[in-house]
Amino acid sequence: MIGALGLTALGVLASSCTGSGLSYISHGDAAGESVYFAIPTSWQRFDVEQVFSTADPRASLATLHEVEQSLWGNIIVGRHVSSLAAVASGFGLPFPFGIVKAEALTPQEQDTFSLATLRTLILQQDPFNPSSSLDHFTVLSYKTFVRSGGFRGSEMTVEERVGSAPPIELEQIAEVNAATSWAYVVGVGCDLRCFRQNAGVIGQVVDSFGVEATP
C-alpha cells in the first residue's frame with residue numbers, strides 16, 4: 001500500500017487550529033476548486049513539499065510548482081512519527097494512516113472515467129472486480145452520491161487481505177468534478193484492530209473531506 005508515498009503530491013495549503021481540537025486544511029487547485037478536510041491536532045500531517053522531497057530529493061521548487069498544476073496530496077498519520085520512512089507500511093500500520101489527493105485527469109482518463117475508476121484511486125484496483133488473485137476484498141459499505149456543483153462520487157469501507165499479510169480496513173470518499181477533469185479522494189485506514197479502536201475518529205476525518213468550486 002505504500003505506493004501512496006510515490007504520489008509526488010504538490011500544492012499550496014492553509015491550515016489553522018481551533019479550540020475544537022481539529023486542524024483544518026484546504027487547498028486550491030488549478031481547476032478553480034478547493035479541497036478541504038480536518039484532522040485531530042494530535043495527528044501528524046506530511047504536506048506536499050515533505051512528500052515531494054521524500055519521493056524525489058533532487059527536485060527543485062520550480063519542479064514542485066509545475067507538478068502542482070496536475071497533482072497534489074497530503075499524508076496524514078494518527079500519531080507523531082519521525083519521518084515518512086516510519087510509515088512505510090501504509091495502511092498496514094497499527095495506527096491510522098491516510099491519503100488525501102487531488103489529481104488532474106488526462107483526456108484519455110476523462111473518456112473512460114467511471115465509478116469503478118473512483119474505487120481504484122487509492123487501492124489501485126476495484127474491490128468489486130480485483131485484478132490480482134492475491135488480493136481479497138470485502139466491501140463492508142458502499143454508496144454513491146451527487147453533490148452541489150455537479151461533484152459525484154462514492155463512499156466505501158472495505159477490508160483488504162493480501163496473501164498471508166494481516167488484513168487492513170479502509171474508509172474512503174472519492175469524487176470527480178462536473179467536468180470530469182479532476183478527481184479527489186481521501187482514504188484513512190490501518191490494521192483491523194486499530195480500525196476498530198479508532199473507527200470514530202477515522203470516520204470524523206473522512207466525513208470532514210469535501211470539494212467545492214472556489215468563488
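Values in this text are rule-based calculations from the coordinates and carry no lab data. Since the model is a prediction, treat every value here as computed from it, not as a measurement. Quick reminder, even Gly has a Cβ in these numbers, built from the backbone with ideal geometry, and neighbours come from all protein chains shown.
At a glance:
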quantity	calculated
Rg and Dmax of the stretch 2-213, Cα atoms only, in Å	16.3, 47
Helical contribution to [θ] at 222 nm, DSSP H n ≥ 4, -39,500 (n - 2.57), averaged over the chain, rounded to 500	-5500 deg cm²/dmol
Of Ala30, Pro127, Ser60, farthest towards positive along the dipole that unit charges on Lys, Arg, Asp, Glu beta carbons give the chain	Pro127
Percent of C-alpha pairs per 5 Å bin, the stretch 66-171, short to long	2, 9, 17, 20, 21, 17, 10, 4, 0
For the chain, built as a Gaussian network whose Cα springs stay under 10 Å, the top-fluctuating residue of Leu118, Leu84, Leu134	Leu134
Check: the chain dipole with +1 on Lys, Arg Cβ and -1 on Asp, Glu Cβ, in debye	500 debye
